[in-house]
């Protein structure tokens with residue numbers, strides 16, 4: 001197996017590929033983007049459409065930047081490479097990408113009576129189902145479109161090791177997209193006890209501090225970040241979809257991550273948190289400082305979770321309490337205009 005390790009918010013994990021899967025060899029232009037992102041630099045790269053003919057959501061931006069030996073088993077981990085571990089840090093978990101379904105999995109899928117259902121999410125796409133296997137391991141089944149299985153994740157009883165079995169005949173970028181989902185799940189499992197929240201948020205850095213914008217999907221988190229970038233000189237995008245917040249015991253810090261939604265912003269960068277802002281669409285711009293249970297509810301609702309695990313949920317709750325105790329929080333009712341960014345900036349940096 002080929003393997004590589006990555007460190008995100010000071011916490012290391014390993015990815016191992018069983019043949020014929022292999023890591024992409026990066027062309028010079030892609031390697032340069034990775035180097036710059038690892039140094040924390042801002043890269044001006046526009047989002048592009050996802051698909052297997054055109055690279056998507058990585059530091060490869062067009063077909064011409066792919067290596068000559070690219071094939072269906074080549075996995076583009078360029079979004080992870082800025083976080084490559086250079087030392088000998090111990091991994092919190094290892095994800096193994098397997099070549100084919102093993103016989104035992106085929107048998108389980110034919111006789112589902114042995115599966116104990118834990119959670120079913122089929123009210124919005126992508127669908128996924130979680131089961132307990134007879135030996136105590138956890139099985140995830142992913143169905144991104146109705147009737148089409150993307151693959152299966154098997155997590156061991158200790159959460160530290162897992163195997164992912166991609167569905168056959170998926171293209172490499174479809175497989176890579178699913179691997180990223182799996183890694184986010186495993187990261188949540190294994191970092192929750194370390195004061196860590198993997199957030200669904202967009203984040204900018206301004207004057208050395210990070211400002212985290214929360215809200216339900218479609219609220220305009222990315223739009224608000226872009227308004228800061230356009231109208232507030234000196235602001236920069238830290239992460240556009242999944243920054244990591246970590247309570248260190250002394251302060252609260254925000255970190256870039258390999259997961260940034262539709263925007264390829266995978267920077268190895270961190271900053272002390274300057275504030276957390278919940279966005280709400282409204283006919284005019286107004287901001288109000290909040291605290292206590294209202295602030296806590298906003299943070300915990302935007303954090304990735306493992307809802308069926310009491311130990312993990314208790315740890316996430318404790319971290320969210322520490323975060324809102326140490327971090328100023330606001331509620332911004334806003335329009336998608338320049339004044340919204342300026343109103344927000346004036347409040348959070350006062």
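Structural remarks
- Residue within region 1-8 that is surrounded by fewer than 18 Cβ atoms within 10 Å (Cβ to Cβ) and either at pLDDT below 95 or assigned to a helix (DSSP H, G or I) (or both) present: yes
- Condition met for residue 246 (within 25 Å of residue 38 (Cβ to Cβ), part of a helix (DSSP H, G or I) and outside the structural domain of residue 129 (by TED's automatic domain parsing)): no
- Strands (runs of 3 or more DSSP E) (entirely within region 72-177) containing at least 2 residues that are exposed (fewer than 13 other Cβ atoms within 10 Å of the Cβ): 116-121
- Taking region 200-213 as the range and being crowded, with 24+ Cβ neighbours inside 10 Å and either assigned to a strand (DSSP E or B) or out of contact with any strand residue (DSSP E or B) (no Cβ under 7 Å at 6 or more places or on another chain) (or both) as the test, the residues that pass are 202, 203, 204, 205, 210, 211, 212, 213.
- The single residue among 300, 306 that is at pLDDT below 95 and touching a helix residue (DSSP H, G or I) at 6+ places or on another chain (Cβ under 6 Å) turns out to be 306.
- With respect to being at pLDDT 95 or above, assigned to a loop (DSSP other than H, G, I, E, B) and over 19 Å from residue 188 (Cα atoms), residue 280 falls outside the description.
- Residues that are in contact with a strand residue (DSSP E or B) (Cβ under 7 Å, 6 or more places away or on another chain) and not in a helix (DSSP H, G or I) within region 308-335 comprise 308, 327, 328, 329, 330, 331, 332, 333, 334, listed in sequence order.
- All told, residue 157 falls short of being out of contact with any helix residue (DSSP H, G or I) (no Cβ under 8 Å at 6 or more places or on another chain) and either touching a residue at least 40 places away in the same chain (Cβ under 8 Å) or over 27 Å from residue 308 (Cβ atoms) (or both).
The values are calculated or read from the model by the stated rules, or taken from the named source; none is laboratory data. All values derive from a computational prediction rather than experimental measurement. In this analysis, Cβ positions are derived from the backbone assuming ideal geometry, glycine residues included, and neighbour counts consider all displayed protein chains.
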